[in-house]
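Inspection log for the structure reproduced underneath, given as structure tokens.
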Amino acid sequence: MSVDFKTSETKENLMRAFAGESQARNRYTFAAEVAHRQKQKTVEELFTFTADQERAHAKVFYDLLQEFSGENIEISSAAYPINISENLEDLLNFAKHNEYEEANDVYLKFSQKAQEEGFQKVAYAFTEIAKVEQIHCDRFEKLAELLKSNQLYTATSPSVWICVNCGYIFEGTNAPLKCPVCMYEQGYFLPVDLISCKDFIKGKK
Ligand SMILES: [Fe+2]
Ligand SMILES: [Fe+2]
């Protein structure tokens, strides 16, 4: 089936996705501010890093609506989350949940609809971005678990941490309370196991 883009559901879905990504970016920026106040650098970095990616997703969807530039797009229904908390574990779990929904439900449906309506390029964007959202989900989940089990700075067997400020490597069962090189607080130590998520320790301040 090929549908006129102007009257398509895909046009509305792109607008829903643009709004959702834009809001996710803001929510993660607000969460990063909470983490910053609590001197939890690793959590702050993860939220900031992911917020930048949501902006990139928003741009992909926005650009696909280019032919409507100068117009308004009305969406018939949409719902967006409110996730306000000073508790970092809660904020990570909220984020995990939202990413899961995008990856496993919303974007898959949007992709399928775009496919049905004959918009291959849009279908592809939804499918590929859904995969990224699953990675976001996994990363938030992992950090939430580490915080919950108190394993972000302690381990039962010798482990390795890196100070994300200066790069100092520490081996032991407890990350130092302060980095012996740059004197930054424990909140800057990241378990090296998380280096598979190395994208968020890429040296950004
Ligand atoms: Fe996204
Ligand atoms: Fe995401």
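The values are calculated or read from the model by the stated rules, or taken from the named source; none is laboratory data. It should be emphasised that the depicted structure is a prediction, and the values quoted were computed from it without experimental measurement. Please note: Cβ atoms are built from the backbone with ideal geometry, for glycine as well, and neighbour counts cover all protein chains shown. Just the protein is used for accessible areas: all its heavy atoms, side chains included, with ligands, DNA and RNA removed. Shrake-Rupley method; radii C 1.70, N 1.55, O 1.52, S 1.80 Å.
The residues of region 154-167 that are crowded, with 17+ Cβ neighbours inside 10 Å and either assigned by TED's automatic domain parsing to the domain that holds residue 88 or touching a Ser or Thr at 6+ places or on another chain (Cβ under 8 Å) (or both), listed by number, are 155, 159, 164.
For residue 23, indicate whether it is under 30 Å from residue 151 (Cα atoms) and touching a residue at least 40 places away in the same chain (Cβ under 8 Å).
Details: under 30 Å from residue 151 (Cα atoms): no; touching a residue at least 40 places away in the same chain (Cβ under 8 Å): yes.
So residue 23 does not fit the description; no.
For residue 143, the conditions (1) at pLDDT below 95; (2) more than 16 Å from ligand 2 (Cβ to nearest atom); (3) in contact with a Leu (Cβ under 6 Å, 6 or more places away or on another chain) are fulfilled apart from (2). When residues in region 12-37 are screened for being open to solvent by 30 Å² or more (accessible area, probe 1.4 Å) and not polar (S, T, N, Q), 10 of them pass.
Here's the yes/no breakdown for (1) touching a residue at least 24 places away in the same chain (Cβ under 8 Å); (2) in the same structural domain as residue 52 (by TED's automatic domain parsing); (3) more than 22 Å from residue 50 (Cβ to Cβ):
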| site | (1), (2), (3) |
| --- | --- |
| 85 | yes, yes, no |
| 106 | yes, yes, no |
| 121 | yes, yes, yes |
| 126 | yes, yes, no |
| 169 | no, no, yes |
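Residues that are away from ligand 2 (no atom under 14 Å from the Cβ) and part of a loop (DSSP other than H, G, I, E, B) were ranked within region 81-109; the one that is surrounded by the fewest Cβ atoms within 10 Å (Cβ to Cβ) is 82. For region 1-19, residues that are in a helix (DSSP H, G or I), within 16 Å of residue 126 (Cβ to Cβ) and not hydrophobic (A, V, I, L, M, F, W, C) total 6.
Any residue in region 49-65 that is assigned by TED's automatic domain parsing to the domain that holds residue 32 sitting within a Cβ distance under 6 Å of a residue that is β-branched (Val, Ile, Thr)? List the pairs, counting only those 6 or more apart or interchain. If the second residue must be β-branched (Val, Ile, Thr), the pairs left are 51/29; 57/129; 64/122. For region 161-173, the tally of residues that are within 14 Å of residue 193 (Cα to Cα) and more than 25 Å from the chain's Cα centre (by Cα) stands at 5.
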